[in-house]
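J.: If you scroll down you'll find the structure; I have some questions about it.
The values are calculated or read from the model by the stated rules, or taken from the named source; none is laboratory data. Just so it is clear, the model here is predicted, and its values are computed rather than measured. Note that we place each Cβ from the backbone using ideal geometry, even for glycine, and neighbour counts take in every protein chain shown.
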């Protein structure tokens with residue numbers, strides 16, 4: 001995973017009948033990967049209160065937010081490396 005840029009994505013979980021149960025946000029590259037080493041950072045279950053369209057939108061918004069945080073952290077890391085080089 002060191003070669004790949006980590007990114008958060010939205011995946012679905014369905015029951016045995018194909019009924020959508022929830023959306024989840026994770027940093028897995030594809031859904032079939034082993035879950036070990038990957039994080040599920042949020043789950044958005046389908047319910048009478050929150051329909052699938054609303055939950056899909058919320059999950060996509062959260063994944064976008066997490067990706068922006070990740071990008072900001074990467075930029076801060078690079079900035080700190082540059083500052084350390086300039087100090088030495």
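J.: Scan the range 25-40 and tell me whether some residue there is modelled with pLDDT of 85 or more and out of contact with any strand residue (DSSP E or B) (no Cβ under 6 Å at 6 or more places or on another chain).
T.: yes
J.: Hey, another quick one. Being surrounded by fewer than 12 Cβ atoms within 10 Å (Cβ to Cβ) and under 22 Å from the mean Cα position of the chain (by Cα) is the filter here; which residues of the range 48-60 pass it?
T.: Passing the criteria: 51, 53.
J.: For residue 59, indicate whether it is more than 23 Å from residue 29 (Cα to Cα) and in a helix (DSSP H, G or I). Quick ask: steps written out before the conclusion?
T.: Working: more than 23 Å from residue 29 (Cα to Cα): no; in a helix (DSSP H, G or I): yes.
For residue 59, the condition - more than 23 Å from residue 29 (Cα to Cα) and in a helix (DSSP H, G or I) - is not met.
J.: Quick check on residue 64: is it in a helix (DSSP H, G or I), loosely packed, with under 15 Cβ neighbours inside 10 Å and in contact with a strand residue (DSSP E or B) (Cβ under 9 Å, 6 or more places away or on another chain)?
T.: Answer is no for this residue.
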